[in-house]
Amino acid sequence: MIYCVEDDNSIRELVVYTLNSTGYKGKGFANAEEFWESMKEELPEMIILDIMLPGEDGITILKKLKSSPVTEQIPVMMATAKDSEIDKVVGLDLGADDYLAKPFGMMEMVSRVKAILRRMGPQIRADVVKMGNTVIDANKHKVTVDGRKIVLTRKEFDLLLLFAENPERVFTREQLLAGVWHSDTYVETRTVDVHVGTLRTKLGKDGDLIKTVRGIGYRMEAGDA
């Protein structure tokens, strides 16, 4: 089941019709109230979420989804008519998996839905990864340094896990955008620099394991497990 939260009746009906016509099950909601009521009955595989909604807007809904352990793993694709870069950055940084700018074609929408659901499929990975004094529990989304829990945003966690699973590998900023933000269009490379900076700070001494490779990007030293 894929939920579409969109207050424009024609767009919502077309999205739901297209989903149902291409092998998915779609269900539409005109506002947040209807959406949350349905979430009590059934959790979807994915959510297509408009930012500009009456009452509770899409960004607020996204924050609630990503702050709950029950719904934080549900992929969300944001949709908006706005041409504001800040909306795109905020949405993606809060955990949105992709972004559709209106007007968008239905086949483009279906293609992106397929890509997101494919990415969210089962993956084989180590449950726990250790780097220096840092322990990363991939399943529980938990990070500790010297036994002390460290609170990371979703993107900081994904960035750290990518580094830790690939010790000594040099990543360009563009590769990090593709691997963590799944985009090289909506987020600028300076966003990577900001997240690396905050990640280093939160990791304390282990933050020194993340090295800047001049003119290229970043790599994480293996450290002592």
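The values are calculated or read from the model by the stated rules, or taken from the named source; none is laboratory data. Keep in mind the model is a prediction, meaning the values are calculated, not measured. Every residue, glycine as well, gets a Cβ built from its backbone with ideal geometry; the counts of neighbours run over all protein chains shown. Accessible surface areas use protein heavy atoms only, side chains included; no ligands, DNA or RNA. Shrake-Rupley method; radii C 1.70, N 1.55, O 1.52, S 1.80 Å.
One table, with the values for the structure above:
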{"item": "Added length on full extension, which subtracts the Cα-Cα distance from 0.36 nm per residue, ALA222 to GLU41", "result": "60.6 nm"}
{"item": "DSSP beta bridges in the chain [antiparallel fraction, %, rounded to 5]", "result": "50"}
{"item": "Solvent-accessible area per residue for the chain (1.4 angstrom probe, square angstrom)", "result": "51"}
{"item": "Apportionment of accessible area to carbon and sulfur, the chain, percent (1.4 Å)", "result": "50"}
{"item": "Kirkwood Rh and Cα Rg combined as Rg over Rh, evaluated for the range 1-66", "result": "0.94"}
{"item": "Computed [θ] at 222 nm, deg cm²/dmol, the chain (DSSP H ≥ 4; -39,500 (n - 2.57); rounded to nearest 500)", "result": "-11500 deg cm²/dmol"}
{"item": "Mean projected area (nm²) of the alpha-carbon convex hull when the chain is viewed from all directions", "result": "12.8"}
{"item": "For the range 129-221, projected area of the alpha-carbon convex hull averaged over all directions, nm²", "result": "5.4"}
{"item": "Cβ-derived FRET efficiency at R0 35 Å, THR198 paired with LYS102, nearest 0.05", "result": "0.65"}
